[in-house]
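Participant: Have a look at the structure that comes next, please.
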Amino acid sequence: MRSVDLVRFLAPRKLIAVFVPLSILGLIATIIYVWSSSNADAIRSIKNSIPYVTYSKPCEESNSQAHAAVETFNSTYTHANGIYANGYETSYVPGTEDIFLMIKTGASVLWQRFPIHIATTLPQLPHFAVYSDAPDMVAGIPVVDILNQTQQPTMESKQYRTYRQQQQLLSEHANIELWEAGIDGAWDLDKFKNVPMVAHGYRTFPTAKWYIFMDADTYILWPNMVRWLSSINHEDLLYMGSVTHESAQLPFVHGGSGVVMSGELVRSTFGKEPELGHAYETYAQRRCCGDAVLARVFKDRGVTAVVSRDSYPYVSWRFQGGFCCEDQAEVPSNVRHNKENWCQEIVTFHHVTPHDITQLYQFEQKFPRDQPILFKDVYHEFVMPYLQEGRRDKWDNFADIREYPESLNPKNIEREEAYRKQHPDAPKPTIPEYDSFENCSRLCQEWDECVQFRYRSGYCGLSNNVRLGKKQLKKENPFSSFWFIDRIRAIRSNSGCDPVDEVPEEGAYFREQAKKQA
């Protein structure tokens with residue numbers, strides 16, 4: 001074959017040999033590009049979900065929403081791949097995608113209270129923000145200074161002294177943790193946070209079905225919370241939780257026990273009035289707490305706290321009662337267990353330490369998410385094994401429903417005053433003998449509902465609630481405590497949800513300890 005013909009013959013084959021590999025490489029490159037782009041979008045979504053925080057100088061007030069201290073928080077960290085910003089895997093409780101959680105804390109306690117939530121509370125729900133009185137960052141999670149946009153007159157008030165001192169330390173880069181700076185007055189400052197916090201929560205997630213806030217020393221059982229919320233209508237105007245009173249005219253929901261607001265309530269108030277976040281600063285200066293200030297915001301717009309239990313919206317005992325301050329949510333060992341709530345669902349705990357939160361999180365993992373956690377379950381885990389038979393010295397079980405001398409108990413004083421008004425000539429009641437352990441025990445036995453008492457010289461306290469309490473370390477006049485185990489077991493037997501013989505009996509822990517030592 002001539003050379004010219006050979007070239008003509010081979011030329012197409014060479015082109016094929018060159019272009020086919022190039023085409024394959026191009027296809028591979030395209031696939032890699034598309035894959036990389038999709039993952040880049042996922043990565044960007046993670047990065048973009050971390051809020052860009054812009055802080056203006058304090059007191060530069062603006063009525064424009066665009067000049068808010070923190071404009072948006074997006075949806076926290078990510079739904080993509082279940083990766084949480086600090087590396088923890090998420091395990092969102094179904095239904096939490098419609099909830100926006102606001103965690104309130106303070107700069108002086110931030111590092112003692114908040115970090116434990118990173119590994120327990122926050123991986124369970126996708127939308128949240130953390131609010132304080134100074135900006136910070138914890139494991140990649142921004143802490144919003146919710147007081148940054150306070151108006152000038154309030155900023156200069158005596159109650160903002162703590163805030164000004166904290167800002168001064170931050171501006172100097174003082175290398176001093178705010179908790180160790182010895183600055184007092186945090187409680188005065190705390191009451192200014194609630195209203196702007198809810199306003200910010202609305203701006204952040206304006207389509208949420210539920211807005212919930214809690215303190216950093218609060219723990220929420222999210223499966224129980226979501227189960228309850230799924231049974232009620234987020235389009236109703238609902239303001240719910242553990243209700244107490246600043247005055248007879250102003251019931252408010254206790255923030256430490258958790259506050260639940262329907263999306264419709266927040267949108268009809270904070271959504272319609274963008275300036276509402278700062279409208280009650282002067283009012284707050286004269287009030288006890290931010291919870292009550294928020295209640296005033298809603299009451300001025302025709303909505304008050306839900307005080308029903310078994311009727312709609314079925315608040316029941318979920319927030320541990322809440323019709324008096326003594327019933328607000330407590331740590332697991334001190335929850336008030338009684339015959340009324342034994343088989344009811346429980347949602348929140350308050351005054352919890354990081355250790356308490358860890359224990360609650362581990363306890364919660366023992367239950368399938370579709371199984372309600374009841375008061376009796378908390379009793380089984382945190383109280384029942386540790387109830388000792390007989391007298392327990394240097395131990396306070398917090399029995400306080402009936403107290404002697406009766407002058408110690410405001411309820412007794414109110415009852416006596418009301419009775420005197422109706423019966424001015426009635427003889428004064430005889431003061432029962434209480435000032436000995438034996439007499440205190442007798443008073444408890446004479447009250448059919450009494451299940452425990454505590455005594456120390458000059459005082460006797462009785463209760464129809466089961467609580468464990470704690471050891472007393474002080475040496476002067478400590479309490480001695482006692483539980484009537486047979487009465488407690490009768491409550492369990494009559495509850496309908498807690499067969500006595502199906503779980504270890506009261507005091508199991510101490511019996512096991514005795515076996516080990518034998």
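Participant: Pop a pseudo-label 7 angstrom from the Cα along the beta-carbon direction at both Arg301 and His355 and give the gap in nm to one decimal.
Facilitator: Label at Arg301, label at His355, 4.3 nm between them.
Participant: Pulled fully out, how much extra length does the chain show between Asp486 and Gln168, if you take 0.36 nm times their separation in residues and subtract their Cα-Cα distance? Could you put the intermediate results ahead of the total?
Facilitator: Numbers: separation 318, 0.36 × 318 = 114.48 nm, distance 5.99 nm.
Extending this stretch completely gives an extra 108.5 nm.
Participant: Sticking with this structure for a sec: By how many nm would the segment from Ala248 to Arg511 lengthen if fully extended, with 0.36 nm per residue of separation less the alpha-carbon distance? Mind dumping the intermediate values first?
Facilitator: Working: separation 263, 0.36 × 263 = 94.68 nm, distance 4.88 nm.
Result: 89.8 nm gained on full extension.
Participant: So, one more: Subtracting the Cα-Cα distance from 0.36 nm times the residue separation, let me have the gained length for Ser91 to Asn233 in nm, one decimal. Could you put the intermediate results ahead of the total?
Facilitator: Numbers: separation 142, 0.36 × 142 = 51.12 nm, distance 2.52 nm.
Here the segment from Ser91 to Asn233 would lengthen by 48.6 nm.
Participant: Students often get this wrong, so check it: of Lys193/Lys470; Lys158/Lys193; Lys209/Lys366, which have C-alpha atoms separated by over 22 Å?
Facilitator: Details: Lys193/Lys470 33 Å; Lys158/Lys193 16 Å; Lys209/Lys366 28 Å.
The answer is Lys193/Lys470; Lys209/Lys366.
Participant: Mind grabbing the accessible area of Lys471 for me, 1.4 Å probe, Å², rounded to tens?
Facilitator: For Lys471, the solvent-accessible surface is approximately 120 Å².
Participant: Also: What is the calculated FRET efficiency for Ala119 to Asp393, with r their C-beta to C-beta distance and R₀ = 41 Å, to the nearest 0.05?
Facilitator: Working: r = 38 Å, r/R0 = 0.92.
For Ala119 and Asp393, the calculated efficiency is 0.60.
Participant: How big, on average over all directions, is the shadow cast by the Cα convex hull of segment 268-357, in nm²? Intermediate results must be reported in sequence, preceding the final value.
Facilitator: Values: hull surface 32.4 nm².
The number I arrive at for segment 268-357 is 8.1 nm².
Participant: Longer than 22 Å from Cα to Cα, which of Lys299/Lys421; Lys299/Lys339; Lys104/Lys191; Lys272/Lys299 are they? Say none if no pair is. Before the final figure, lay out each step's value.
Facilitator: Values: Lys299/Lys421 33 Å; Lys299/Lys339 34 Å; Lys104/Lys191 11 Å; Lys272/Lys299 16 Å.
Too far apart for the 22 Å limit: Lys299/Lys421; Lys299/Lys339.
Participant: In whole Å, what is the distance between the alpha-carbon centres of segment 375-404 and segment 470-498?
Facilitator: Going from one Cα centre to the other spans 3 Å.
Participant: With the contact rule set at Cα under 8 Å and sequence spacing of 6 or more, what percent relative contact order holds for segment 223-374?
Facilitator: On the way: 209 pairs, mean separation 39.5, N = 152.
Relative contact order of segment 223-374: 26 percent.
Participant: What does the convex hull of the Cα atoms of segment 95-248 come to per residue, in Å³, rounded to a whole number? Write down the numbers at each step before the final one.
Facilitator: On the way: hull volume 21.9 nm³, N = 154.
About 142 Å³ per residue, rounded to a whole number.
Participant: Taking a ≥ b ≥ c as the square roots of the eigenvalues of the Cα gyration tensor of segment 441-518, is the shape rounded (a/c under 1.5), prolate (a/b larger than b/c) or oblate?
Facilitator: On the way: a/c = 2.74, a/b = 1.19, b/c = 2.31.
Cα axes put segment 441-518 in the oblate bin.
Participant: Accessible area per residue of segment 192-266 at 1.4 Å probe, in Å²?
Facilitator: So segment 192-266 comes to 23 Å² accessible per residue, rounded to a whole number.
Participant: Assuming R0 = 30 Å, what is the FRET efficiency of Asp435 and Tyr386, from their Cβ-Cβ distance, to the nearest 0.05? Write down the numbers at each step before the final one.
Facilitator: Numbers: r = 28 Å, r/R0 = 0.94.
Efficiency at R0 = 30 Å is approximately 0.60.
Participant: Here's something else I'd like to know. Taking a 1.4 Å probe, which of Arg454, Arg442, Arg267, Arg286 shows the most accessible area, and what order do the others take after it? Don't skip to the end; give the middle numbers.
Facilitator: Working: Arg454 25, Arg442 85, Arg267 60, Arg286 150 Å².
Highest to lowest solvent-accessible surface, that is Arg286, Arg442, Arg267, Arg454.
Participant: Right, something else. Once the convex hull of the C-alpha atoms of segment 432-476 is built, how many Å³ does it hold per residue, rounded to a whole number? If you can, show how the numbers build up before the last one.
Facilitator: On the way: hull volume 3.1 nm³, N = 45.
About 69 Å³ per residue, rounded to a whole number.
Participant: Can you give the relative contact order of segment 235-274 as a percent, counting alpha carbon pairs under 8 Å and 6+ residues apart? Could you put the intermediate results ahead of the total?
Facilitator: Values: 48 pairs, mean separation 17.9, N = 40.
That works out to 45 percent.
Participant: Return the distance in nm (one decimal) between the two label points of a simple spin-label model at Tyr314 and Val138, each offset 7 Å from Cα along Cα→Cβ.
Facilitator: It is 3.3 nm.
Participant: Can you send over the solvent-accessible area of Tyr386, 1.4 Å probe, protein chains only, in Å² to the nearest 10?
Facilitator: 80 Å²
Participant: With each label point set 7 Å from Cα along the Cα-Cβ vector, what nm distance links Thr282 and Gln151?
Facilitator: Between Thr282 and Gln151, the simple spin-label model gives 0.7 nm.
Participant: OK, next. Measure of size requested: the Rg and Dmax of segment 84-157, with Cα atoms as the atom set and Å as the unit; please supply both.
Facilitator: Rg, Dmax (Cα atoms, Å): 14.2, 45.
The values are calculated or read from the model by the stated rules, or taken from the named source; none is laboratory data. Remember, predicted model here, so these are calculated numbers, not experimental data. Note: ideal-geometry Cβ built from the backbone for every residue, glycine included; neighbour counts use all protein chains shown. Accessible surface is based on the protein model in full, side chains and every heavy atom, while ligands, DNA and RNA are left aside. Shrake-Rupley method; radii C 1.70, N 1.55, O 1.52, S 1.80 Å.
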